[in-house]
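Have a look at this one before I ask anything.
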Amino acid sequence: MSPNRVVAVLTPIVFVPLAGYIATLVAKHVPGVQIDQGQITAVFVAGALSVLPPMWKWLDGWQKYEQREQDARLAASLKDDASTWDADSDDDAADDDDDEPEFAPDDVFVSAHPER
């Protein structure tokens, strides 16, 4: 499984609740801080939401990386195709000893008015 899929699957299932839980533990056990039950919920939500921006940044960066890799593969493929085509055209040019084109325009068009 690729890393972007792991991040996309595990973030909402594991990392968001874990971050909220850790934030509430820290808030409860910091010496000298008095937090009531309503504030604990707010701390949990804030901790849980703090995980989402890094996940978003990771997935955005991963998609950009995949796009760059795909573009590089496409460019390499096109370069290989172009070099193959150039080699083929050089072979064809070497085979033609006469100066006449392979395709004459007169061969295509048939006159609608034959000469009388």
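Would you say GLN63 is without any contact (Cβ under 8 Å) to a residue 40 or more places away in the chain and exposed (fewer than 14 other Cβ atoms within 10 Å of the Cβ)? Can you show your working first?
Details: without any contact (Cβ under 8 Å) to a residue 40 or more places away in the chain: no; exposed (fewer than 14 other Cβ atoms within 10 Å of the Cβ): yes.
No, not satisfied.
Here's something else I'd like to know. Restricting to the stretch 9-56, name every residue that is outside any helix (DSSP H, G or I) and either in contact with a helix residue (DSSP H, G or I) (Cβ under 8 Å, 6 or more places away or on another chain) or at negative phi (or both).
Restricting attention to the stretch 9-56, the residues satisfying the condition of being outside any helix (DSSP H, G or I) are 30-36, 50-51.
Hits for the stretch 9-56 are VAL30, PRO31, VAL33, GLN34, ILE35, ASP36, SER50, VAL51.
Ok, one more. Report, by residue number, each residue of the stretch 1-47 that is more than 35 Å from the chain's Cα centre (by Cα) and surrounded by fewer than 11 Cβ atoms within 10 Å (Cβ to Cβ).
HIS29, VAL30, PRO31, GLY32, VAL33, GLN34, ASP36, GLN37, GLY38
Output the qualifying pairs, or none if there are none: Cβ atoms under 8 angstrom, residues six or more apart or on different chains, first residue in the stretch 29-49 and within 21 Å of LEU18 (Cβ to Cβ) and without any contact (Cβ under 8 Å) to a residue 40 or more places away in the chain, second residue among the aromatic types (Phe, Trp, Tyr) and loosely packed, with under 14 Cβ neighbours inside 10 Å.
Matching pairs, first to second residue: PHE44/TYR21; GLY47/TYR21.
Just so you know, all these numbers are worked out from the coordinates, no wet-lab data involved. The model shown is predicted, which means the values in this text are computed figures rather than measured ones. Cβ: placed from backbone, ideal geometry, glycine included. Neighbour counts: every protein chain shown.
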